[in-house]
Amino acid sequence: MTYRLIALDVDGTLLNDDHRLTPRVRDAVRAAANKGAEIVLCTGRGSMSALAVLEQLGLPGTMITHNGASIVDSATRTVLYETEIAHEPAARYVDYLKERKIHFDMNTSFELFVNQMDDYAATMYGKLLARPILRDPVDGLPEKTVKLSIYAPKEVLDQVQMDWAEWVDGLHFIRSGDYFIDVQHPHSTKGKALEKLAALRGIPREQVLAIGNYYNDLGMIVFAGHGVAMDNSPADLKAEADEVTLSNNEDGVAVALESLGLV
């Protein structure tokens with residue numbers, strides 16, 4: 001099978017646990033691109049943070065960011081598609097987080113805003129190559145907000161997830177990592193964004209390859225003609241994939257591309 005579109009999650013997939021792109025993975029992705037495949041980073045990260053990874057790969061291209069809330073052309077910095085969240089229902093989540101002093105940020109397609117910053121959060125943003133902008137809490141959500149992202153210890157987010165489980169308000173949340181929960185428009189998923197991009201390109205799903213490692217990757221793995229789960233994925237995600245490769249600390253993306261003859 002010829003794969004014309006290759007969607008790659010970033011954290012826990014393309015990058016190892018030290019948030020590094022290894023030479024083997026970099027070279028394999030470049031080789032697949034040189035053979036004619038369009039490489040699409042499909043990530044929960046914001047656009048500027050994802051751009052830094054794309055630059056490490058040395059590739060141009062389109063990025064699906066914020067778990068599918070934005071599709072961005074990296075060369076022109078043009079937003080091809082985005083789904084905004086309504087401010088009124090979002091206020092309920094913001095109030096909850098502020099009352100419990102849980103860190104969160106507010107994202108537009110290109111910018112990331114925070115109301116406050118501590119060393120714990122600053123370390124996280126540094127690893128993700130993100131540059132938060134301080135915003136006065138009285139100013140509320142920025143215009144064209146596409147995502148709220150919550151960052152806290154795992155046990156804190158486990159409780160948040162339970163508290164929000166019964167909320168019905170026109171938004172949805174997804175666990176995008178042990179330490180992250182994202183609140184978005186219900187139509188914002190990696191799978192739906194990848195489907196939209198494939199349609200724009202005129203590429204049938206059979207010619208789409210997707211590789212990911214966490215629950216927010218499920219939609220794109222199921223949509224793709226061939227979905228690959230990393231070995232560091234939860235068991236139920238592996239069960240939905242067509243193939244399981246090695247972990248992100250074992251160059252699993254490169255192994256998958258090599259086994260499929262794309263390198």
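Every number in this text was worked out from the coordinates using simple rules, so none of it is lab data. If you're wondering where the values come from, they're calculated on a predicted model, not measured in any experiment. Here the Cβ is made from the backbone with ideal geometry for all residues, glycine too, and neighbour counts use every protein chain on show.
Would you tally the net charge around A7, using a Cβ to Cβ cut-off of less than 13 Å, leaving A7 out, and scoring K and R as +1, D and E as -1?
Values: positive: R4, K190, K192, K196, R201, R205; negative: D9, E38, E195, D217.
Charge balance near A7 sits at +2.
Could you tell me the relative contact order of the chain? Use alpha-carbon pairs under 8 Å, at least six residues apart, and round to a whole percent.
Working: 532 pairs, mean separation 58.8, N = 263.
That works out to 22 percent.
Peptide packing: for 203-215, 249-261, 166-178, the average count of neighbouring Cβ atoms within 10 Å per residue gives the ranking 203-215, 249-261, 166-178, highest mean first.
Considering Cα pairs under 8 angstrom that are at least six residues apart, work out the relative contact order of region 87-184 and quote it in whole percent.
Working: 119 pairs, mean separation 28.2, N = 98.
Reported as a whole number, the value is 29 percent.
Order these peptides, 118-127, 7-16, 181-190, 91-100, by their mean beta-carbon neighbour count within 10 angstrom, highest first.
Final packing ranking: 7-16, 181-190, 91-100, 118-127.
In region 1-153, the alpha-carbon atoms span a convex hull of 125 Å³ per residue. Determine which lysines satisfy two conditions relative to K190: a Cα distance under 24 Å, and not lying fewer than 8 residues away in the same chain. In chain and number order, the partners are K127, K144, K147, K154, K238. A straight line joining the Cα centroids of region 122-175 and region 1-73 runs 23 Å.
For the chain, what is the percent of antiparallel DSSP beta bridges, rounded to the nearest 5? Please list the in-between numbers first.
Values: 25 of 44 bridges.
Expressed as a percentage, antiparallel bridges in the chain total about 55.
Within the straight-line cut-off of under 19 Å between alpha carbons, the aspartates and glutamates reachable from K101 are D118, D119, D136, D139, E155, D158, D163, D178, D182, sequence neighbours fewer than 8 places apart in one chain being disregarded.
For region 67-75, the Karplus equation 6.51 cos²θ - 1.76 cosθ + 1.60, evaluated at θ = phi - 60°, returns couplings of 6, x, 6, 9, 10, 10, 7, 5, 5 Hz by residue, with Gly and Pro reported as x. What you get for the chain, charging only the Cβ of Lys and Arg (+1) and of Asp and Glu (-1), is a dipole of about 720 debye around the Cα centre.
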